[in-house]
Amino acid sequence: MNINSSAQLSALTRLFSASVYREMAKKGRSGLFRRLIGQTDLIHDVYSCATVGDTFDSAFENLKVAGNRDEYIYRTAISHKVLMGTHSLSTASMLNEFRAGNCKADLVILNGTATVYEIKSERDSLTRLANQVENYKRVFAKVNVIASESHVKGVLSTVPNDVGVMCLSKRYRINTVREAVDCPERICPLTVFQSLRSAEAKEILETLGVTVPQVPNTQRHAVMRDLFATLDPVRLHIEMVRTLKRTRDLAPLGELVNCMPKSLQAAALSVSVRRSDHQRLIDAIATPLHVAMTWS
C-alpha cells in the first residue's frame, strides 16, 4: 500500500502499540485493531484468506520503509538481529524501558555484559541524546546509539568516542559505524541501586558478601543505598548482569514468541501479559481478517 497521509502512518504505527496487544491477550479480540485497520488501506493490501497475523506482517513491511520507521521498527531489528540472532533467549535477556538515572533506556541486552541501545529513529530528535548517554554510562558497561542514516552524522558529533554508533540502513540492516567500549568501571553504584527492585538489590549485596542488617522496612531502602555506595563498580556490574538475567529471564516466553508472526515477536518480548492469556492471544492472531473486522 502507499502511505499517503499522516493519519494512515499514525494508524499503522498504533497497530503495534501495547494497547492493541494487551487487548487481544485479555479479550481474544481487539476493537482498536479493527478501527485502526479501517483507517488504512491494509484490508485491500492482503490476500482474501489473510489472518490477523498476516495483516500485522503486512503493516510492518509498510512501516519498515525508511522514512516511515518509528521506535518499534528499530526495537524489532535489535530483537531479531542481536538478541535472537547473535545471542538467544536461553543465553541472553532483554530489558525494556529500564530506568537509568533520570532517563529510561529504550532497550538493554544482558549477555556477558550489559549493553544499552538508545534508539533515534527518523521521527526522533537528538535534543536529549547527550543527557541520555551520560545517564546510561552510570548503569551500563556498553552504550550504543542506533539511528537512522539521516541521524548518524549528528549522533557522531554529539556522543563521546566510547559510545557505539549503529545505523539501521535503508535495506533494514544494522551496520556498526563505531564499536562501543566495554567500560564497567565507570558505572555509579548509587545510580545502579536506583534502577533495581529491592529484592534484586538485596540479592546482589548478599552475593557480594555484604550483610543487609535487620531494620524496619521504612529504613531498609536507605540502609541498602548506603551499602551500595561502598561497592566496587566492576564487581557490582558483574553481579547486576547475573541477577537481572535471572530475575528478568525471557526464556519462558520462547514458546509464545515462536507462535507470533515475526512482526509481533518484539512485542511478545516487551509487553507483559499473563501466562494464562497466551493462548487467547495466539488464537486472536490466527483469526481470519474478515472475522476480525467484526470485532468490537
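No value in this document is a laboratory result; all are computed from the given coordinates. Quick caveat: nothing in here was measured; it's all calculated off a predicted structure. Cβ coordinates were reconstructed from backbone atoms using ideal geometry, including for glycine residues, and neighbour counts include every protein chain displayed.
Observations, loosely collected:
- Residue with peak Gaussian network fluctuation, the chain [Cα springs, cutoff 10 Å], from 39, 214, 265: 214
- For segment 79-110 versus segment 199-215, the spacing of their alpha-carbon centroids is 25 Å.
- Prolate/oblate/rounded call for segment 78-145, Cα gyration tensor, a/c under 1.5 rounded: oblate
- DSSP-defined antiparallel bridges as percent of all bridges, the chain, nearest 5: 60 percent
- Relative contact order of segment 187-247, defined on C-alpha pairs under 8 angstrom at six or more residues apart (%): 51 percent
- Using a Gaussian network model of the chain in which every pair of alpha carbons under 10 angstrom is joined by a spring, one finds that among 245, 120, 104 the greatest mean-square fluctuation is at 104.
- Over the chain, Cα pairs under 8 Å with separation of 6+ residues give a relative contact order of 24 percent.
- Net charge in the neighbourhood of residue 205 (other residues with Cβ under 14 Å of its Cβ; Lys, Arg +1, Asp, Glu -1) is 0.
- Percent of beta bridges antiparallel (DSSP, segment 71-184, rounded to nearest 5): 60 percent
- Neighbour-count ranking [beta-carbon atoms within 10 angstrom, fewest first] of 224, 24: 224, 24
- Candidates 196, 110, 83, ranked by Gaussian network fluctuation over the chain, Cα under 10 Å, top entry: 196
- Three-way shape call for segment 187-247 based on the alpha-carbon gyration tensor, with the a/c threshold at 1.5: prolate
- Normalised contact order of segment 15-97, rounded percent, pairs of Cα under 8 Å and 6 or more residues apart: 16 percent
- The charge dipole of the chain, taken about its Cα centre with unit charges on the Cβ atoms of Lys, Arg (+1), Asp and Glu (-1) only, comes to about 340 debye.
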